[in-house]
Amino acid sequence: MTITVTMSDLLKRLTGQSEPITMNANTPLECAELLVAQFPVLEKWLFNENRKLKSLVWLLVNDERINEDDFIMALNDGDRLHLLVAVLGG
Amino acid sequence: MESAAQTLKNLNPDIDVEPIAESINKQNVSQLVEDYLIVDALDNLETRLALNKASLEKGTPLFHGAIYGFEGRATTFIPGETPCLQCLYQDSLPGDVPVFGATPGVIGCIQAVEVIKYVLGIGDLLLGRLLVYDGRNMKFTEVKFSKSIHCEACR
């Protein structure tokens, strides 16, 4: 499936990738793995030591946050995946 | 604390301000919150989760705001009606949080609007919707979110 991936400003600056990325992936988890392969700096942001997705960076599919049960949901052609960092400063 | 209270009184002499010089924790949060609406203007996950617990126990709305540098978030949690704060947050960025003073100003104003709408019973609240503010690129976007079936606070 052809997916468009975007990142929040914090991650754009971390990766240097400001433009949307088009990639072929079947699930959000696969997208995350492909992103880490392309931007190794994202590894510690996205995955814990057991290679499970952290809750530090939220995965949004078509502007909706997905919970951990949906990390292996089937994506459709044209879906949009956005990475948003959980921030709690004040 | 006293000077902050006095500053608020100077801005609006018609309001009552009760300064309380205590840190919020699991033990005192319920007593501090009483039955007031809760506006979450904190800077860490642990204390926010304590406020969330008090909100759920009392059935009191929690008006949430958070920032990091030029980025901000705001949403409104209503127990029994929306997901709770713990459905949304299980983790946050470690370390010191950069604060650009205007960002909490923007988010604080949005929280104030939410509180006033709730009190007046007007408009659409940010229920199940997280408003995301990107000050660096001056964009507001919105994220929908739902209850987590694994949430230990509100399930």
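The values are calculated or read from the model by the stated rules, or taken from the named source; none is laboratory data. This structure is a prediction, so every number in the text was calculated from the model and none was measured. Please note: Cβ atoms are built from the backbone with ideal geometry, for glycine as well, and neighbour counts cover all protein chains shown.
List of remarks:
- Among the candidates A:Leu88, A:Leu75, A:Leu14, A:Leu60, residue that is buried (at least 18 other Cβ atoms within 10 Å of the Cβ), of a type outside the set (S, T, N, Q) and modelled with pLDDT under 95: A:Leu88
- Hey, B:Gln31 surrounded by fewer than 19 Cβ atoms within 10 Å (Cβ to Cβ) and within 10 Å of chain A (Cβ to nearest Cβ) or not: no
- A:Gly89 fulfils the conditions (1) within 22 Å of B:Gln90 (Cα to Cα); (2) touching a residue at least 12 places away in the same chain (Cβ under 8 Å); (3) among the small types (Gly, Ala, Ser) except for a single criterion, (2).
- Per-region count, the range B:1-24, residues under 17 Å from A:Gly90 (Cα atoms), in contact with a helix residue (DSSP H, G or I) (Cβ under 9 Å, 6 or more places away or on another chain) and surrounded by 10 or more Cβ atoms within 10 Å (Cβ to Cβ): 1
- Evaluating B:Gly72 against the criteria (1) of a type in the set (Gly, Ala, Ser); (2) at the interface with chain A (Cβ under 10 Å from one of its Cβ atoms); (3) in a helix (DSSP H, G or I) leaves one unmet condition, (3).
- Taking each residue of the range B:134-155 that is more than 9 Å from chain A (Cβ to nearest Cβ) and looking for partners that are loosely packed, with under 12 Cβ neighbours inside 10 Å with beta-carbon atoms closer than 9 Å, six or more apart or interchain, yields B:Cys154/B:Gly80; B:Arg155/B:Ile149.
- Elements of type helices (runs of 4 or more DSSP H) contained in chain A, each with 3 or more residues being of a type in the set (D, E, K, R), more than 14 Å from chain B (Cβ to nearest Cβ) and under 23 Å from B:Ala66 (Cα atoms): none
- Residue in the range B:106-121 that is in a helix (DSSP H, G or I), facing chain A (nearest Cβ under 10 Å) and touching a Lys or Arg at 6+ places or on another chain (Cβ under 9 Å) present: yes
- Qualifying residue in the range B:90-101 (condition: touching a residue at least 40 places away in the same chain (Cβ under 8 Å), touching an Asp or Glu at 6+ places or on another chain (Cβ under 7 Å) and of a type outside the set (S, T, N, Q)): yes
- Of note, B:Thr103 does not satisfy the criterion of being farther than 28 Å from B:Lys58 by Cα, exposed (fewer than 15 other Cβ atoms within 10 Å of the Cβ), facing chain A (nearest Cβ under 10 Å) and polar (S, T, N, Q).
- The requirement of being in a helix (DSSP H, G or I) and either more than 15 Å from the chain's Cα centre (by Cα) or surrounded by 21 or more Cβ atoms within 10 Å (Cβ to Cβ) (or both) is satisfied by B:Cys87.
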